[in-house]
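Here is the structure we will look at.
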């Protein structure tokens, strides 16, 4: 539909789907306590998609006392590396695209991970907030700025706080999947700082000593570490895998695609990898919707682990 065409309305959807405007409203707004056949719901949703319907956020805000604004807060380290930026940017992009498709407006803000300044973001009335890459010691400085009615979802962090939901990769299951493909790839582990929270569990799973584990902070650490390893191992983050291939043959490691860019590995001959797809963003947004729907009981488990494909 070109910009010169009239925007589709609920009345247009009702006419095309052969239902009432009220039914369209119930379906699109996920109204509780309404018995609507699944076939009717599907027809309304498909019609809305065909007509490229975009929700009227102003009207919806008046009805539900919401703004239609969702915050994405990204904690950035001052010495952030490009392979970490790669992972963060993919997460932000997937979240922004998914939220926009649902009709939300996204407020994106970068925070100093060691000293987050919330002055600008706290002036906005947000319906929900996603916090990426938060640190345990400064997370409280962020969370206190949001009321209890605003869902705050932590992505990519292990925060010891039972009040908040955390979305992380199921690293242990991914390692099991990697070992199924390459059983001997258990002699070393390389990860970025974003995945460091899972390090202790993975070291135990692989029975690794400290000399067999590297949390990469600087590219210059890689050559000496790789040359000191005799066997084959696992690398978290595709960017790190591309760097590692300079000093080690790619068949000697399996990559867990925590940056969401498995296509980077296509240039590495014989490289094995485990991918997670877009599950993290999809699960994060689905959780947000469940928490905003006051008629739905929230999940009991505070950690949501994204399984590998």
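Of the residues making up the stretch 116-132, just one is touching a helix residue (DSSP H, G or I) at 6+ places or on another chain (Cβ under 8 Å) and surrounded by fewer than 19 Cβ atoms within 10 Å (Cβ to Cβ), namely 118. You will find that of 226, 216, the residue that is surrounded by fewer than 22 Cβ atoms within 10 Å (Cβ to Cβ) and not assigned by TED's automatic domain parsing to the domain that holds residue 285 is 226 and no other. For the stretch 21-45, filtering for residues that are loosely packed, with under 12 Cβ neighbours inside 10 Å and at pLDDT below 85 leaves 4. Any residue that is surrounded by fewer than 18 Cβ atoms within 10 Å (Cβ to Cβ), within 25 Å of residue 309 (Cβ to Cβ) and at pLDDT 95 or above - is there at least one of those in the stretch 250-260? Looking for residues that are surrounded by fewer than 18 Cβ atoms within 10 Å (Cβ to Cβ), within 25 Å of residue 309 (Cβ to Cβ) and at pLDDT 95 or above, one finds at least one in the stretch 250-260, hence yes.
If you go through the stretch 165-185 and pick out every residue that is part of a loop (DSSP other than H, G, I, E, B) and either under 15 Å from the mean Cα position of the chain (by Cα) or closer than 19 Å to residue 125 by Cα (or both), you end up with 1.
Would you pick out the residues in the stretch 271-309 that are at pLDDT below 90 and within 19 Å of residue 233 (Cβ to Cβ)? Passing the criteria: only 271. Apart from one condition, residue 62 fits all of (1) modelled with pLDDT of 80 or more; (2) part of a helix (DSSP H, G or I); (3) not assigned by TED's automatic domain parsing to the domain that holds residue 125; the exception is (1).
Filtering the stretch 164-178 to residues that are without any contact (Cβ under 8 Å) to a residue 60 or more places away in the chain and touching a strand residue (DSSP E or B) at 6+ places or on another chain (Cβ under 9 Å) leaves only 172.
With respect to residue 221, determine if the residue is surrounded by fewer than 21 Cβ atoms within 10 Å (Cβ to Cβ), within 18 Å of the chain's Cα centre (by Cα) and outside the structural domain of residue 104 (by TED's automatic domain parsing). Answer is no for this residue.
The values are calculated or read from the model by the stated rules, or taken from the named source; none is laboratory data. All figures in this text were calculated on a predicted structure; none of them were measured in a lab. Positions of Cβ are generated from backbone atoms using ideal geometry, with glycine treated the same way; all protein chains shown enter the neighbour counts.
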